[in-house]
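Data first, discussion second: the structure below is written as C-alpha cells.
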Amino acid sequence: MTTQVASASVEQSFVPRRPRSEVFRRVLVYLALAGVAILFFAPFIYTILTSFKTIPDSVNVTLMPHPWTTEAWKQIWTNYDFKTFFKNSIFLAVVVTLANVFLAGLGGYAFARLRFPGRELLFLLVLGTLMVPDQLRLIPVFVMLTNWHLIGNFSGYILINLVTATNLFFMRQYFLTIPKDFEEAAKLDGAGYFKTFWRIMLPLALPAISAITILQFQGTWNDFFWPLILFGQGSTHLYTIQLGLAELQFTYSTLWPQIMAGSVIAILPILLIFLVFQRYFISGVVSSGVKG
Amino acid sequence: MATATEAIKIPRRDSVLAARLRETAWGYAFVALPIAVFGLFFIYPFIYAIYISFFHWGILGKQSSAGWSNYHTVLHDPVFHTALKNIAEYTLAVVPLTMALGLSLALIINAKIRGRPFFRSAFYFPSLASSVAITTIALYLFSANGVFNQIIGSNTPWFTTASTAIWAIAGLNAWTTSGTVMLFYLAALQAIPDDVYEAAAVDNTSTWRTFWKITFPLLRPAHFFVLVIFGVGALKLFDQAFIVSGGAGGPNYATTTPVLYIYREAFHSFEFGIAAAAGVVYFIIIFALTVVQRLTVGRQQAA
C-alpha cells in the first residue's frame, strides 16, 4: 500500500498528465459501479414493494404501492400454508446441517489423522461420489427409498443428505493444517480418540465448521430438486418453501403480490444469515473452490 | 543396562500393537457412517441405475427385461435431441457471459473504491438466493406486461416464448452466478504482484492496454478454473427450466434440458427404465466432455 502511494507520487513528478486520466478513470469506475449496483438491487427492491401491492396494482409499473396492503403476506402465510412450508424448510435445513457438521467432522478427522488399513482406498470412494451426478442416482435412489417406505415423510430426504463428500473433503483439508501438537498433548492427558476429536479438534476447526454450516444450511434451504422428487408427488404438508413457492406460481400465475411475498420469504432467511456471516460465505467459497 | 531396556521393550511392543489396533478400530468407527451413506446413496445407485436401464421399469417396479431398447428409445427420441441442442446453446451462451460479467465485477471491485466489502457482498448475494425465487421474480419482471417490457415498449413474455426462453434463462443465470465467478477472479487478481503493474505504469501504458496485455493473460489459471467448474455446472440446468415451464419443458420443448427430460420420463411418463438409460447416456456425454476439457485445458495450462 505504502509503496504504491510512493511510486504513484514519483510517477506524477515525471508524468504530469497522469492525474487527469486518473480522475477520468475513477469517474468511469464509479459510473460502472452505480450501473451494476442498480442491476443488482433494483429487482429485489421491486419485489419487496410489489408484495405490498394489490393485485390490479401489481401490473402497474409504479415503484410505490398504491395503496399499501399486507393482504398478500397474510394470505400466503395462512391460506396458502407458507407457515407449514417455512417450518418444514427450517427443520430439514437444521437437521441436515447438524448431521453434516458432525459426520463430515468425524470422517474428515479420521481421514486426516488416524491411520487404518484401507484408508486411501476408502478416501478414493469418497472422492468417487463427486463423480456421480444427481440425474443419474435420481431413479435408483427413488426406487430404493420407495421400497423402504421412506417416501411420504422426511426420513428419506434426511438419510440421503446426512453427509456430503464435499463437506467431508473440506473438513479433512482443514484438519490437515492443524499442528499435531494439540492432539499429542491430549493423548498425554489420556484422552481417547472421540474425546480428542470432540473436545480438541472440532473446536480448533471452528472456521471450517462455520463455512460448511452456512453453506450447507443455504444449500438445503434452497434445494429444489430432491424435495420435488421425494415430496412433490404427495400431499402439501411435506412441502418445503421452494416447493410451495413453485406450486403457488404454477397454480396462481397472476397473483403477483402473493408470489412476490413468497419469493421474499424464500430468500429472506439466507439474506439475514449472509449479512451476519458474510466473511465465512466468501472465504468458504473461495477456499473450497480453489482446493476442490 | 541391556537387560533393563529389554525388560521395558517387551510390554512396549505389546502396547504399540494395542494402540495400533485401537487407532484402526476408531478410524473405522469414525468413517463408518459417512462411508455407508456414500456407498448406499452414491456408489451403489450408480450401478443400480445401469441395471434399471436394461429393464422396462414402472412406478410399481421391474416389469420385464428390455435389452438395449431403452437406450434405443432415448437415442432416437427427438425430444432428447432437442434437450441436447438446448443445453449446448445454453452452455455456450451462459459460460462466456458469466465469465465476462464476473471478471468485470471483479475489476470494478478491485479498483480502489469506497465501500468495497459492501459491493462485493451485494454482487455475490444473488448466487446464494433461492433459484426458485430468483426465477419467479424474473418471470414477473419479464412477463408480457412486466416492467422490462413496459420500459422497452414490447410485450414478449421472454421466459415463456419458445424462441427466447433458453436465452432468457442464460441471461438470468449469468447474472446470478457472476457474483461467485467474481470472487474467484478477485482472489486471482489479488495474487498478481504489484510490481508487474508498476513496470507498466513506468512505461505509461494505458489502462486498457495494461488489462489486455498484462492482467488478462496473468488470469489464465482463473479463466480455466472457472471454465471447467461452471461449464460442467451449466450442463445440469434444471430448476430454472422447470420453473419457467411449470415442469413441462415447454413451450414446444424449448426449455427441455437433459436433466428435465430424465425427470419427466420418470415422473410424468413413469418410464423409469428409459429415464435411467437417459441418465447413463447423459453421464457418458458429460464424462467425455470433461475428459476432453481436462486434456485440452491441461495442455494449455502447461504451455
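Observations, loosely collected:
- If you go through the range B:146-176 and keep only what is within 12 Å of another protein chain (Cβ to nearest Cβ), touching a Gly at 6+ places or on another chain (Cβ under 9 Å) and in a helix (DSSP H, G or I), you end up with just B:A174.
- Which listed residue is farther than 30 Å from A:T54 by Cα, more than 13 Å from the chain's Cα centre (by Cα) and not assigned by TED's automatic domain parsing to the domain that holds A:S51, from A:F231, A:F274, A:F281, A:F250: A:F231
- Single residue of the range A:233-246 satisfying the filter (assigned to a helix (DSSP H, G or I) and either at the interface with chain B (Cβ under 10 Å from one of its Cβ atoms) or of a type in the set (G, A, S) (or both)) that is surrounded by the fewest Cβ atoms within 10 Å (Cβ to Cβ): A:L243
- Residue in the range A:197-210 that is outside any helix (DSSP H, G or I) and under 30 Å from B:E23 (Cα atoms) present: yes
- Residue in the range B:96-110 that is at pLDDT below 85 and either outside any helix (DSSP H, G or I) or within 8 Å of another protein chain (Cβ to nearest Cβ) (or both) present: no
- Residue check, A:R115 farther than 13 Å from B:L33 by Cα and either part of a helix (DSSP H, G or I) or more than 9 Å from chain B (Cβ to nearest Cβ) (or both): no
- Residue check, B:G179 at the interface with chain A (Cβ under 9 Å from one of its Cβ atoms), part of a helix (DSSP H, G or I) and of a type outside the set (A, V, I, L, M, F, W, C): yes
- Test for B:H81: is it in a strand (DSSP E or B) and under 20 Å from A:L136 (Cα atoms): no
- Members of the range B:182-195 that are touching a residue at least 24 places away in the same chain (Cβ under 8 Å) and assigned to a loop (DSSP other than H, G, I, E, B): B:I192
- Exactly one residue out of B:Y51, B:Y28 is within 13 Å of chain A (Cβ to nearest Cβ), modelled with pLDDT of 95 or more and in a helix (DSSP H, G or I): that is B:Y51.
- Helices (runs of 4 or more DSSP H) enclosed by the range B:196-290 - at least 1 residues per element that are closer than 17 Å to B:L84 by Cβ: B:220-234, B:239-244, B:258-267
- Qualifying residue in the range B:246-261 (condition: facing chain A (nearest Cβ under 9 Å) and modelled with pLDDT under 95): yes
- Taking each residue of the range A:32-46 that is under 13 Å from B:I137 (Cβ atoms) and loosely packed, with under 13 Cβ neighbours inside 10 Å and looking for partners that are modelled with pLDDT of 85 or more and not charged (D, E, K, R) with beta-carbon atoms closer than 9 Å, six or more apart or interchain, yields A:F41/B:A122.
- Among residues of the range A:176-232, those that are facing chain B (nearest Cβ under 10 Å) and of a type in the set (D, E, K, R), counted: 2
The values are calculated or read from the model by the stated rules, or taken from the named source; none is laboratory data. Because the structure is a prediction, the values reported are computed rather than measured. Note that each Cβ is placed from the backbone with ideal geometry, even for glycine, and that neighbours are counted across all protein chains shown.
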